[in-house]
Structures are given as structure tokens and as C-alpha cells.
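Each value in this text was obtained by applying a stated rule to the coordinates, not by laboratory testing. The shown structure was predicted, so the numbers you read here are calculated from the model rather than taken from an experiment. No Cβ is skipped: glycine too gets one built from the backbone with ideal geometry, and neighbour counts run over all protein chains shown.
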Amino acid sequence: MADPQPLLLNTNSQPIHQFNQNPRRVASVDVFRGLSVFLMILVDYGASIFPIISHAPWNGLHLADFVMPFFLFLAGISLALVYKRRPQRTQATWKALLRALQLFILGILLQGGYLHGTTSLTYGVDIGRIRLFGVLQRISIGYIVAALCEIWLPTLRWKEMGFFKSYYWHWFVATILLAIYSGLLYGLYVPDWQFDVSTSTSSLPPIDGGNIYTVNCSVRGDFGPACNSAGMIDRYILGLDHLYKKPVYRNLKECNMSSTGQLSDSSPSWCHAPFDPEGILSSITAAVSCIIGLQYGHILAHLEDHKGRLHHWLSFSVSFFALGLFLAVIGIPVNKSLYTVSYMLLSSAASGLTFMALYVLVDVYGHRRLTSVLEWMGKHSLSIFVLVSSNLAVIAIQGFYWTKPENNIIHWIVSRYLDFQRYPWLIHRHTQPLFRCPYSPSSIKRPLLPYNTVRNREREREMSKEVSEEGHLQTHHHGGKDYVDPPPAPLLDFAEIKLWSFYRALIAEFIATLLFLYVTVATVIGHKKQTGPCDGVGLLGIAWSFGGMIFVLVYCTAGISGGHINPAVTFGLFLARKVSLIRAVLYMVAQCLGAICGVGLVKALMKQPYNNLGGGANSVASGYSKGSALGAEMIGTFVLVYTVFSATDPKRNARDSHVPVLAPLPIGFAVFMVHLATIPITGTGINPARSFGAAVIFNNAKVWDDHWIFWVGPFVGALAAAAYHQYILRAAAIKALGSFRSNPTN
């Protein structure tokens, strides 16, 4: 058990092991491991309800895509601590090989298809079709590669050479592995390939007596799901029957998967084929992730002071992030399924930064109680993985039933929270075995079609039908527009960085926020400058200036940038997957810079009254507590962001197309109404850029003391509005449950 005291070391103190016979356990390692286990469980069982955290269908980064790199990173750190004092090499090698073999075999047993899920009461798997690679198998490969590097490769004295040069043989091995990976990924020729639809690799039965379908490739260096060399290597070495049967790329728009998890008979043929995201080729770069974690572990094992550790970790993390971002910009996609070099570097940087944050929280400042649950999960991570993530706990609970096997607690929970009478299309999905894909023979009318034909028919279908909220297809019987939900924005969309329209949108946000702050803050200063009770515009005029400017500016910029003009609005739209993370962050930067320039312009033109009359800055008014101010900001922002979602809802526009609703009008009116209510409390923030710009230019201690309220309140309000609109009013959670997968894997 780790010492409950924080590791508050300094350069004058003696090394820890000289004071204690047993070295203190670094609690942040356990906390990070527990966090990784928690995220794994969260994305396994929560991704169907909150799709934003699920794996990216192909290119991109979502929350689930960080889980595997976290585990590999931790395996490397643990090896550095285990082999801090060099053991006998031969004995250590045999122990490492045995440990890796145990993990690999356990992974096959747990994820090969032998155990059933929540919707099946049978177990067992055909050995000829068992999945050979998976999560634990990949960890075992990374573990043994890093362990052999640590045991056998020579090292220099780090105090003389520095950490990078001391372990240059490790970096040399990592470079060789990356060169092999890149050579195979880019250099191998992928010919046309075939697969048998009649096997369990597809949800389709044989069509007109034909079982074999061809995927046309004949390319080199392709990064698509159909013709990449990683899939070809797995098909040749492992065989199609031993790959993952439900690859994540089925969620791509091209595959046209229904809300019940079925693939259309008109989907491209490769959508029905298996693909293993933990395959052979991608395991090479996964092993490099483990070697990188090993270097972080060396710093932890051989440096005693916090400052030195954090400095080296930060240098590594920033370097990996910059290099990964550069590779992504020049065209190497961020792809978890292929474990591309850019993905490996970015995820390693994220792992390092996350570990740094936990180290500071837990081991530097000693906040162990906040993370005690995660620490416990980290110490029992493998047991939790076996019991929870591989459905053994579910299987054990299902073993106890009343009268008949279907009367068990799991079945009761599923039927309790899924309203089959209202959503009858969910019934067949939740009454099928886990490892069999249901299909309707009557729906299959023709063989799989070429890709271009599929896309053309999709466009025709979109022009004539509407997907309703309940998942049914309905034709229109009125004069409204067709309603189609836009596809969710990827978490990281590096392609948009290359577009001029992206930078034009940033300029539009900057100028709009500048004008907004100039007009509104000038109105506030002008009102306060008046001395008579009836002079100036009054509070009503101030509210009108804010609401009116939002109406005007949103109307002007909506077609260019979306007309956010508010980091809270941008944050809410990001949570709803309307904008990517890159666009959201840069929008916020542009908005804050525009706000600073707008308020600076007011000060330049009205310097004396500006300095004497508060500068239009937000702060908590006398007579109100900070809690009241925070609540007012949360509620006010909720009203604004909720109005934004409702006014821009594509379903509303389709349903009420006969009503000429101008979206900027209700948004501006919402800003007006909120200002009437909250000006006496905080001066009304509900826009962090507006508060930040005024605080920077006015630069008053009281304003800065209260400033956190005008970030936390709006962001929490935006979060609540996004969740309310997306998952309650639009019933995204219910629709997502329709495609619930009872045994997903990372």
C-alpha cells in the first residue's frame, strides 16, 4: 500500500529509498491504470448512448481511441519500474515471455467469441472461426517487445548523457519498427480480393447461389478500409475467419448501416467483410507506444525531484504532439484501426500529458482521496477487465433465473429501459445471440453493388425519404422539406486546416466578436456616463444593444462561420458534434482575441470614462454571493444555447418549412431576455469571450477574482443545454440504444 503522504521532494532531500526499506509506490501509476479501465468500461457500455465517445469509424480521434494507447503506455512505465535494478537476463526473459503468453491466451479466451453477451444464453465458438487477436493480445505484444529492449539493450549513464542519449538503442529499435511498418503499409501491393458471404463474416446469406464477392483494389499505399495492406496481411496470415466480425468502419456513411445494426444489401461488398483493428501490422506501431511509455518510466525511476520529472515528460509530450500534428497535416491520417504513425505520436503525447496531470494531482499535492476509487481499480485492473469488460459478470448474473432462463435480472434491465411497444424495431436486435448477425431474407433482392452505384442510389433515397425520430422510413405527404440529420463532425478534422473557408470562418468570428464588444461595451459606458435619471438608454437599452447586435451579427456571419460569437455556444455545438475540436478551439481563440480588440477600441475612443466607469467588465454585484452569480450565468447560458439548438434544428426547419422563421431572431431575443434578468446580478456574462476581453483591458483585481464564474457558469450551462436538446428532446439516447452492442471491444 502506498504511503498516504504526498511525495513532496526537493533537491536537498535524500532519495526516498534511503529513508524507507521499501520504496514508496507511485500512486499516480495506479490511478492512471484505473482511469484507463474506467474509460474502457465507459466506452464499451456508454458509446451506444453517447456516440461522441465511441471509436472513430475510420480516420479521426474519439475518446475511445485513447484507451488502447493508455494501456500500452502504462505497460512501458511499469516495465521501467520493474527492471530498475537489472535482473539476471535469461531468467527475466523467460518470465517476460511467460507473462506475455499468458496475456495472449487469456485474450483469445475472453475475446475470441467463446463467451456470450447480454442477449444470448448460449456459449461456445467454432475453433475454426475464433478471433486470434484482440486487446490483451496487443498489450502482450507491446509488453514483450519493450521488455526485451529493457532487458537486453545496453544503456549509458543518464547523468552524463541525458535520458534520450542514454537509451539511444531503444530509440533505434523504435525507428526500425516504424520503418518496417511504413515500408509494409506503403510498399505492399494489394490485389483484388474475395470473401465468402455464406460464412459468418457477413450478415448476408448466399444470393442467387453465389457466395464469392470481389473487392477491387490493385493499389499500393491505400489508407482506406477496403484496400490497405494491414487488412491484406491479416487475411493471408490469420485468415478471414479469425478476424473481428464487426469492424468499426461499418459505421461509415458508405456502408449505410441501419439503426438496428444491419447492413444494407446495397452496401459496398467490403462493408460486410471482417477486419481486425488489433491486427498484425498495426501491432508494430503499438509496440512503439509501449517503448515510448518505457522512456517515461525511466524518468520516473531514475529522477527523484518533481521538477526534473515534469520537465522531461513535458519535453517528450510536446515533441510527440508537434511531430504527430505535422504528419497529420502533411497527409498521414490519424487512424486507430491502422495505428498510423501520426496516431501513435498524438496518442502517446496525450498519454504523457494525462499521466503528468495525475502525477501532479496525486503524488505532488497528495490528493489521494479524490482518486481512491481509480487507484483501487488500477491495482485490480486485470480482474476488472475479466469480470466486467468481457461479460463474465453479466454471465454470472444471468445464471440465476426464475422458472425459465429468460426471467433473469439482465433481461429485466434490458426490457425495463427499452420501450419495445414504442420502439418495436428494437425487439429483434435484443433477442439475437451476440455473435450472429440477424438478417431478413425477404429484404435481400440483389447481389452487392459497385461502390459508385451504391452512392448514386443513396442520393436518390435521400431525395425521396425522411428518417423519422423513431427510426422508420416515411415518405412525405406535405409540402415540407426533406429532413436528414447532418453527419457528426469528427473529433479531429485535420483536412479542414488546409481549406481557405476554415480561415475565412475564423476571420468572421474575430471581426464579429470585435464589433459585438465595441458596440455593446460602448453602450454600457455611454449609459453610465449620463447623470440624470432619464438620461441614456437605461438597462432596457443595454439589453437591446446586446440582443440586437447578436441578431445582426449572427445574420451576417451564419453562412460563413455559423455565427457563434460566443465560446459557450461553440462549446455546446462541439459537445453535440456539430464542429470538430480543432474548429472549436480556434473559434474560441478568435472570439477571445476579437473581444480584446473590441474592448480595446472602446478604451481608445472613450479612455477617461472607460477607466472611471468600470470598463464594462463583469463582476458579482454587491448583495449577491458568488454561488448566486454562478447559478445566474448557468441558467442564462442554458437559455441561450438551448435557443441556438432549437432555432438551427434541421428537423424543425423541415417540419415547419412553411413558417418563415429567421434563426438569428430568436437567438438575439434570448440574449435580450437573459440580460434583463441578470444585469443586476453579474452585468450578464453568458459569453466568456465578452467577459474575458473586458477583464483583460480593464485589468481590475475584483474583476479577476470573479472571472472564473464567467467561464465555469457558461460552459456548464452549455453542457446542460446540449445534453437536454440532443438526448431528451431529440431522443438521441433512445436511437443509440437501438444499435446497442452487447460485447463491444476496444
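A few remarks follow.
- Rg/Rh for the range 496-730 stands at 0.97; both radii use Cα atoms, and Rh follows the Kirkwood definition.
- Long-range HN-HN contacts of CYS217 with modeled amide H, under 5 Å: ASP192, TRP193
- Other residues lying with their Cβ under 10 Å from the Cβ of LEU613 contribute a combined charge of +2, Lys and Arg counting +1, Asp and Glu -1.
- The count of lysine pairs in the range 496-730 whose Cα atoms are under 15 Å apart, excluding pairs fewer than 8 places apart on the same chain, comes to 6.
- Residue-wise HN-Hα coupling along the range 278-287, computed from phi with Karplus coefficients 6.51, -1.76, 1.60 (Hz; x: Gly, Pro): 10, x, 6, 5, 5, 5, 5, 6, 5, 5
- Trypsin sites (Lys or Arg not before Pro) restricted to DSSP loop in the range 277-349 with at most 13 other C-beta within 10 Å: none
- The H on the amide N of LEU492, modeled in the peptide plane, is under 5 Å from the matching H of LEU61, LEU581, each at least 5 residues off or on a different chain.
- Coupling constants for the range 249-255 follow from the phi torsions by the Karplus curve (6.51 cos²θ - 1.76 cosθ + 1.60, θ = phi - 60°), and in residue order they are 5, 5, 7, 5, 4, 4, 7 Hz; glycine and proline get x.
- For the peptides 521-529, 144-152, the ranking by packing is 144-152, 521-529, with the highest mean count of neighbouring Cβ atoms within 10 Å listed first.
- Sum of side-chain charges, ALA722 neighbourhood, beta-carbon under 10 Å (Lys, Arg +1; Asp, Glu -1): +2
- Taking every C-alpha pair closer than 8 Å and separated by at least 6 residues, the mean separation divided by the residue count of the range 496-730 gives a relative contact order of 30 percent.
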